[in-house]
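Trainee: The structure that follows is given in the form of structure tokens.
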Amino acid sequence: MQTTGPSLTGVRLVLAVTGSIAAYKAVGLLRLLRREDATVNVVMTAGACRFVTPLTFEVLSGSHVATDLFEAHQEMLHLSLPEQAQAILIAPATANCLAKAALGLADDLLSTMLLTTQCPVIFAPAMDGDMWRHQTVVEHVATLRRRGAVIVEPEEGSLASGRLGQGRLADEQRILSALQAAVRPRRDWTGRRLLISAGPTQEAIDPVRFISNRSSGKMGYALAQAAQARGAEVLLVSGPTALRPPAGIEFCAVTTAEEMRKAIMTRFAWSDTVIMAAAVADFRPAQPSAQKLKKQQHPVTNLKLEPTDDILSELGARRTRQVVVGFAAETEDLLAHAREKLQAKGVDLLVANDVTAAGSGFGSDTNRVVLLNRDGDVTELPLLPKRDVADHILDRILALQTGRRSQTTRPRTRTPRKE
């Protein structure tokens, strides 16, 4: 298998294997890690040992396989193994493993290690599709993500149960890429200034009611976190959401479309790139009431609306050197509407998604998007975690910026003057 990520030479890892039928796939993953020249210590849970013998991993890793918190002649493995490691990769990770990690339970070597480690932890879950979608598992995964763990989501396909669903252990290359990013993170946005909007806006009807939309802000926040991890200086302008402001990122909270416009325009000249991921209200009440409207006053039938300022169009018209990226949430004719918006707004890149599609709706942790640029290029991405979508968008922006610089710095050809 040909890999393109940063080398793992000199990197010491812990590969933890838990009790899933996919445990046999960890053998191939170990071989891949060894080919990448990583030093790998293997930890196996009791359940994993029921599927694959420790001897298999011992032969391939060239080192002792740890299976017991209280192994004789092995002092404090729960401390020594993570202290020596630059990352812990858990593949496959069962629902039970995710639950113990999220809840902080420590009843075996692996779960105890996770309470002591300071290095990056990457989970590659594998389980039946119904288990992966269970609300408890969803909440545990969300908890681990909030704490900084990397989750390489399982893939859709045929499962051990014979059913079709999302639960298959991710492809080796996806797992390897996530591991490489955690151990040797990219810093290709270093020195760049990124202005991002996220979330909905709220337009007051009265002091109690407002007009808004279903945006959760998750895509914009994922973009901010991905850009920060890659070295960018980030300012996140966010409408009201249930999300915590990302640590280490300059944050500006707004409520209305006009507040968002002012915050964006104030910092526009500072930025190199603007990503308008926010779902800005298109209309607002023309005359919001200073007092709560009573039901008997029929506020709905008497409500007059006026358009809000089009922030994205204004950015497209006012930009100098900036790359401007817009979003389009559609419910039908995705590509046709996206192309229209790309031209109408004058942006460099448009990210479009069908919010009625499974896994792509408001509030989901995944998204399936199409990227369109002004040169006519169209790239359809598969259903991915929003953090992965964010990295794809950042990659495309870098390509646009590189192309723009090459055009402006390309040496001019001169026609020799005839004597």
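The values are calculated or read from the model by the stated rules, or taken from the named source; none is laboratory data. Please read all numbers here as calculations on a predicted model, not as lab measurements. When we count neighbours, we look across all protein chains shown, and the Cβ atoms used for this are built from the backbone with ideal geometry, even at glycine.
Trainee: Which is in contact with an Asp or Glu (Cβ under 6 Å, 6 or more places away or on another chain) and modelled with pLDDT under 95, of LYS304, LYS292?
Mentor: LYS292
Trainee: Out of all the residues in the range 18-71, which are of a type in the set (S, T, N, Q) and either free of Cβ contacts under 8 Å to residues at least 12 places away in the same chain or outside the structural domain of ALA160 (by TED's automatic domain parsing) (or both)?
Mentor: Residue satisfying the conditions is THR53 alone.
Trainee: Got a number for residues in the range 154-178 being surrounded by fewer than 20 Cβ atoms within 10 Å (Cβ to Cβ), touching a Leu at 6+ places or on another chain (Cβ under 8 Å) and either assigned to a helix (DSSP H, G or I) or acidic (Asp, Glu) (or both)?
Mentor: Count: 3.
Trainee: Further, regarding this structure: Restricting to the range 307-321, give me the number of residues that are under 18 Å from GLN401 (Cβ atoms) and buried (at least 16 other Cβ atoms within 10 Å of the Cβ).
Mentor: Summing the residues that are under 18 Å from GLN401 (Cβ atoms) and buried (at least 16 other Cβ atoms within 10 Å of the Cβ) in the range 307-321 gives 3.
Trainee: Related question: Of (1) buried (at least 20 other Cβ atoms within 10 Å of the Cβ); (2) touching a residue at least 60 places away in the same chain (Cβ under 8 Å), TYR221 satisfies all except one. Which?
Mentor: (2)
Trainee: Please give the helices (runs of 4 or more DSSP H) falling wholly within the range 27-121 in which 3 or more residues are under 31 Å from the mean Cα position of the chain (by Cα) and surrounded by 18 or more Cβ atoms within 10 Å (Cβ to Cβ).
Mentor: Ranges flagged: 77-84, 95-103, 109-114.
Trainee: Name the pairs: first residue in the range 359-377 and among the aliphatic types (A, V, I, L, M), second residue at pLDDT 90 or above and in a loop (DSSP other than H, G, I, E, B), Cβ to Cβ under 8 Å, at least 6 apart or on different chains?
Mentor: VAL369/LEU381; VAL370/LEU381; LEU371/ASP377; LEU371/LEU381
Trainee: Quick test of your reading of the structure: ALA226 fulfils all but one of (1) in contact (Cβ under 8 Å) with a residue 60 or more places away in the chain; (2) among the small types (Gly, Ala, Ser); (3) over 22 Å from ASN353 (Cβ atoms). Name the failing condition by number.
Mentor: (3)
Trainee: In contact with a Leu (Cβ under 7 Å, 6 or more places away or on another chain) and modelled with pLDDT under 90 - does that describe any residue in the range 69-76?
Mentor: Yes, the conditions are met somewhere in the range 69-76.
Trainee: Here is a further query. Which pairs have Cβ atoms under 6 Å, sit 6 or more apart or on different chains, and link a residue in the range 147-169 that is farther than 21 Å from GLN86 by Cα and without any contact (Cβ under 8 Å) to a residue 12 or more places away in the chain to one that is of a type in the set (D, E, K, R) and in a strand (DSSP E or B)?
Mentor: GLY157/ARG168
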